[in-house]
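Asker: Handing you a structure now.
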Amino acid sequence: MCLITEQPRGALVAVWGAMWRQLPAAAREKYCISAPSSCMAMPSSFVTPRVGSNLVAALLPAVVTAGLLFTGNAAAATRTPLNFGECTAHGNFATCVASGHIHRPSKIYVSVYTRPNHLSVTIYWSMVCSKYSGAGNSSGHFTTTTPRTDRYIPHPYARPGSCDVAASGQVNGNAERIRVWLSAYKWG
């Protein structure tokens with residue numbers, strides 16, 4: 001049974017059409033009165049007996065659109081950092097270089113871990129980022145005490161298209177192990 005037997009109009013077309021195409025063919029046929037290829041019908045389960053169809057018709061596009069917008073943004077941007085380069089080394093004054101390429105980074109971090117704990121480590125980093133037809137670079141260094149440090153490193157653009165990053169870590173002493181890795185949160 002269909003609530004709407006003809007093509008809906010306006011914003012509802014885009015929202016309902018996207019949802020409709022996600023349904024399996026058997027489900028689409030179940031809710032269609034006309035031929036399945038031409039029917040874009042809304043199932044009657046969207047309307048309850050206590051709520052008038054005018055209220056549902058007025059609120060449904062806004063609610064579904066808002067849900068798709070919030071879901072789309074949450075799915076596009078990363079909530080956990082993505083690792084995109086790492087290295088390990090061991091021994092006296094051990095040094096390693098982590099490098100990688102990342103698309104659409106919003107925040108970039110360099111992290112270092114050593115065993116044993118409480119060793120002094122010096123990190124040097126450099127990056128080149130592109131945005132549209134331009135390119136910019138940034139670099140720097142810091143010294144930290146481990147067992148683990150995560151440090152934000154600024155990039156030259158807000159919302160760059162991509163970045164190439166390299167970070168070298170050197171233990172100031174004898175280490176069983178040093179690990180340096182690059183991670184980033186992505187935008188869009």
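Every read-out reported here was derived from the displayed coordinates using simple, explicitly stated rules and does not represent laboratory data. In this text the structure is predicted, and so the values were computed from the model without any measurement. Virtual Cβ from ideal backbone geometry, glycine too; neighbours counted across all protein chains shown.
Yes or no, residue by residue, for (1) assigned to a strand (DSSP E or B); (2) surrounded by 14 or more Cβ atoms within 10 Å (Cβ to Cβ):
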site: ASN137; (1), (2): yes, no
site: THR144; (1), (2): yes, yes
site: ARG151; (1), (2): yes, yes
site: ALA166; (1), (2): yes, yes
site: GLN170; (1), (2): yes, yes
site: ARG177; (1), (2): yes, yes
site: TYR185; (1), (2): yes, yes
site: GLY188; (1), (2): no, no
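Asker: Something else: May I ask you to list the residues in the stretch 157-188 that are basic (Lys, Arg) and touching a residue at least 60 places away in the same chain (Cβ under 8 Å)? Break it down stepwise before answering.
Answerer: Going through the stretch 157-188, the residues basic (Lys, Arg) turn out to be 159, 177, 179, 186.
Answer for the stretch 157-188, where residues must be basic (Lys, Arg) and touching a residue at least 60 places away in the same chain (Cβ under 8 Å): ARG177, ARG179, LYS186.
Asker: So, one more: If you check LYS107, LYS131, which single one turns out to be of a type outside the set (Phe, Trp, Tyr), farther than 19 Å from ALA89 by Cβ and touching a strand residue (DSSP E or B) at 6+ places or on another chain (Cβ under 6 Å)?
Answerer: LYS107
Asker: Additional query: So for the stretch 113-134 (the condition being buried (at least 21 other Cβ atoms within 10 Å of the Cβ) and of a type in the set (S, T, N, Q)), does at least one residue qualify?
Answerer: Residues of the stretch 113-134 buried (at least 21 other Cβ atoms within 10 Å of the Cβ): 114, 121, 123, 125, 127, 129.
Adding the requirement that they be of a type in the set (S, T, N, Q) leaves 114.
Checked the stretch 113-134: at least one residue is buried (at least 21 other Cβ atoms within 10 Å of the Cβ) and of a type in the set (S, T, N, Q).
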